[in-house]
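Visitor: Let me give you the structure first, and then I'll get to my questions.
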Amino acid sequence: MKFSQTLPFALALLEPATALVGHSWSVEGVPEDGMREITFPINIANAPHEVGFYFAQQFTFTGQSDVGYTGLQPQVDSTGGSVVHAAFSSFVPGSTSTDANCSDGADGGPGVSCAVNIDGTYANTYHLNVKNSEGTTWVGTLIDSVTGEETHIGSYTLPAITKGIEASQLGFVEYFLGTKECGDLPKTAVTFGNPIVEGLIGTIDVPYEYGDCVGKSAFETHPVEDGVEISVGF
């Protein structure tokens, strides 16, 4: 799933999914050629330990119209405890990767998709770091903000005209296991922290419902310290 760049409230459904909540994020004072690093905090302490929800932040690279994204997907517990799935992908045509955690294509279209599973507690906030390593190569890293443990999600190289990450984009909550009846959505909650960029100020605007479940998903949102909390479902 990805939001349209030109129509913020539109959804480009490349596979069946239930669109639920969107929000805008922005960073003040970004250079014209974009940011070389950004971190998106996400906490899923009150999400069910089952597959279906995706909590993500999108970003646009200067010189490109298509987006990248990174986010978390809860998983079913393993024998070792809870499992967290982290994703890091590009929808930019011409993206390439030789990373073992990545594969060609994104939601059935051009790009690259990278992902990793970790045995990790849901209680801790995770920092999803997107960083330029060299040239037009970008690396996604999952960082446990409590323990400091870092896990490599993936890396990809974008076309030569690509520069840094632009100052604003969108984020979303969706249920991606096919179209779901609004009243059947499991109850879940997520906290999106303000984007972190060294020396700059990141913010998130008030989240909003969109898609077929507007007014039908028990949507609630309220501000928290350095971010917003969102809940949906029953």
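The values are calculated or read from the model by the stated rules, or taken from the named source; none is laboratory data. Predicted model only: the values in this text are computed from it and were never measured. Using ideal geometry, Cβ is built from the backbone for each residue, glycine included, and neighbour counts are taken over all protein chains shown. Only protein heavy atoms, including side chains, enter the accessible area calculation; ligands, DNA and RNA are left aside. Shrake-Rupley method; radii C 1.70, N 1.55, O 1.52, S 1.80 Å.
Visitor: Taking the stated definitions as given, is LYS216 among the charged types (D, E, K, R) and buried (at least 17 other Cβ atoms within 10 Å of the Cβ)? Full working, then the answer.
Guide: Details: among the charged types (D, E, K, R): yes; buried (at least 17 other Cβ atoms within 10 Å of the Cβ): no.
No: the conditions fail for LYS216.
Visitor: Now for a different question. Please count how many residues of the stretch 39-52 are within 17 Å of THR125 (Cβ to Cβ) and open to solvent by less than 50 Å² (accessible area, probe 1.4 Å).
Guide: 8
Visitor: I'm told GLY63 meets every condition in (1) open to solvent by 40 Å² or more (accessible area, probe 1.4 Å); (2) at negative phi; (3) modelled with pLDDT under 95 except one. Can you identify the failing condition by its number?
Guide: Of (1) open to solvent by 40 Å² or more (accessible area, probe 1.4 Å); (2) at negative phi; (3) modelled with pLDDT under 95, only one is false for GLY63: (2).
Visitor: For the subset of the stretch 108-131 comprising residues that are open to solvent by less than 30 Å² (accessible area, probe 1.4 Å) and more than 15 Å from HIS152 (Cβ to Cβ), which member is modelled with the lowest pLDDT?
Guide: Across the stretch 108-131, the extreme among qualifying residues is GLY109.
Visitor: In a loop (DSSP other than H, G, I, E, B), within 30 Å of PRO31 (Cβ to Cβ), at pLDDT 95 or above and out of contact with any Pro (no Cβ under 8 Å at 6 or more places or on another chain), is that true of GLY215?
Guide: It is false that GLY215 is in a loop (DSSP other than H, G, I, E, B), within 30 Å of PRO31 (Cβ to Cβ), at pLDDT 95 or above and out of contact with any Pro (no Cβ under 8 Å at 6 or more places or on another chain).
Visitor: Right, here's the next one. Quickly run through the stretch 86-101 and pick out the residues that are open to solvent by 40 Å² or more (accessible area, probe 1.4 Å) and in a strand (DSSP E or B).
Guide: Of the residues in the stretch 86-101, the ones open to solvent by 40 Å² or more (accessible area, probe 1.4 Å) are 93-94, 96, 98, 100-101.
Of everything in the stretch 86-101, just one residue is open to solvent by 40 Å² or more (accessible area, probe 1.4 Å) and in a strand (DSSP E or B), namely THR96.
Visitor: So, in the stretch 16-32, exactly how many residues are farther than 30 Å from CYS213 by Cβ and either small (Gly, Ala, Ser) or in contact with a Ser or Thr (Cβ under 7 Å, 6 or more places away or on another chain) (or both)?
Guide: 1
Visitor: Take the conditions at pLDDT below 95, surrounded by 13 or more Cβ atoms within 10 Å (Cβ to Cβ) and among the hydroxyl-bearing types (Ser, Thr, Tyr) and apply them to THR18. Does it pass?
Guide: Working: at pLDDT below 95: yes; surrounded by 13 or more Cβ atoms within 10 Å (Cβ to Cβ): yes; among the hydroxyl-bearing types (Ser, Thr, Tyr): yes.
Taking the combined requirement at face value, the residue satisfies it.
Visitor: Then there's this: Which ones in the stretch 142-165 are open to solvent by less than 20 Å² (accessible area, probe 1.4 Å) and either within 17 Å of the chain's Cα centre (by Cα) or aliphatic (A, V, I, L, M) (or both)?
Guide: LEU142, ASP144, ILE153, GLY154, TYR156, LEU158, ILE165
Visitor: Would you tally the residues in the stretch 162-183 being at pLDDT 95 or above and either β-branched (Val, Ile, Thr) or out of contact with any strand residue (DSSP E or B) (no Cβ under 9 Å at 6 or more places or on another chain) (or both)?
Guide: 4
Visitor: Tell me which of these GLY105 doesn't satisfy, since it passes every other one: (1) under 26 Å from THR125 (Cβ atoms); (2) of a type outside the set (A, V, I, L, M); (3) without any contact (Cβ under 8 Å) to a residue 24 or more places away in the chain; (4) open to solvent by less than 40 Å² (accessible area, probe 1.4 Å).
Guide: Looking at each condition in turn, GLY105 falls short on (1).
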